[in-house]
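> So that we are looking at the same thing, I have put the structure below in structure tokens.
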């Protein structure tokens, strides 16, 4: 029950953060800034998962970090683990969680966080040795930005 409440708290926080962002149109060339863009390369899911590995500190909230180890993603707020999910790389953003109304709406590559009751698709905007930026699919104008810790 506690884990469900923590998951819901994280999702509500993400939605609130998304609502506070300045509205602007999504740039269709954002996917082109992916360091690991699967539309023009032979990168496989393992290479993409490797790129996500490590500790990442939020640029919006210095008390928030994510840690990706193997196929686990841990969300840490104020030094305390708040939720842990399984992640799966979707090299072409084609899984059900990445579709909106049965239409593929993103380009580039994604990773899917799988909780106990839901799955959240995240489109990677940029991923390199020092920066990770992604958008939760379905969240309006939300961009989560992290620096490698």
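Bear in mind that the values in this text are calculations on the coordinates, not laboratory data. Remember, it's a predicted structure, so these values are computed and weren't measured experimentally. Heads up, the Cβs are rebuilt from the backbone with ideal geometry, glycines too, and the neighbour counts pull from every protein chain shown.
> Once the piece of chain linking residue 141 and residue 72 is laid out straight, how much longer is it, given 0.36 nm per residue of separation minus the C-alpha distance between them? Kindly include the intermediate steps, with their values, before the conclusion.
Details: separation 69, 0.36 × 69 = 24.84 nm, distance 2.57 nm.
Taking 0.36 nm per residue and subtracting the Cα distance, the gain is 22.3 nm.
> Calculate, for residue 55 and residue 99, the FRET efficiency according to 1/(1 + (r/R0)^6) with r their C-beta to C-beta distance and R0 30 Å; round to the nearest 0.05. Numbers along the way, then the final one.
Details: r = 31 Å, r/R0 = 1.02.
The calculated FRET efficiency here is 0.45.
> Report, as a whole number in µm² per second, the diffusion coefficient that Stokes-Einstein gives for region 47-91 at 20 °C and 1.002 mPa s using the Kirkwood radius over alpha carbon pairs. Please report the intermediate quantities before stating the final value.
Working: Rh = 10.9 Å.
Translational diffusion coefficient: 196 µm²/s.
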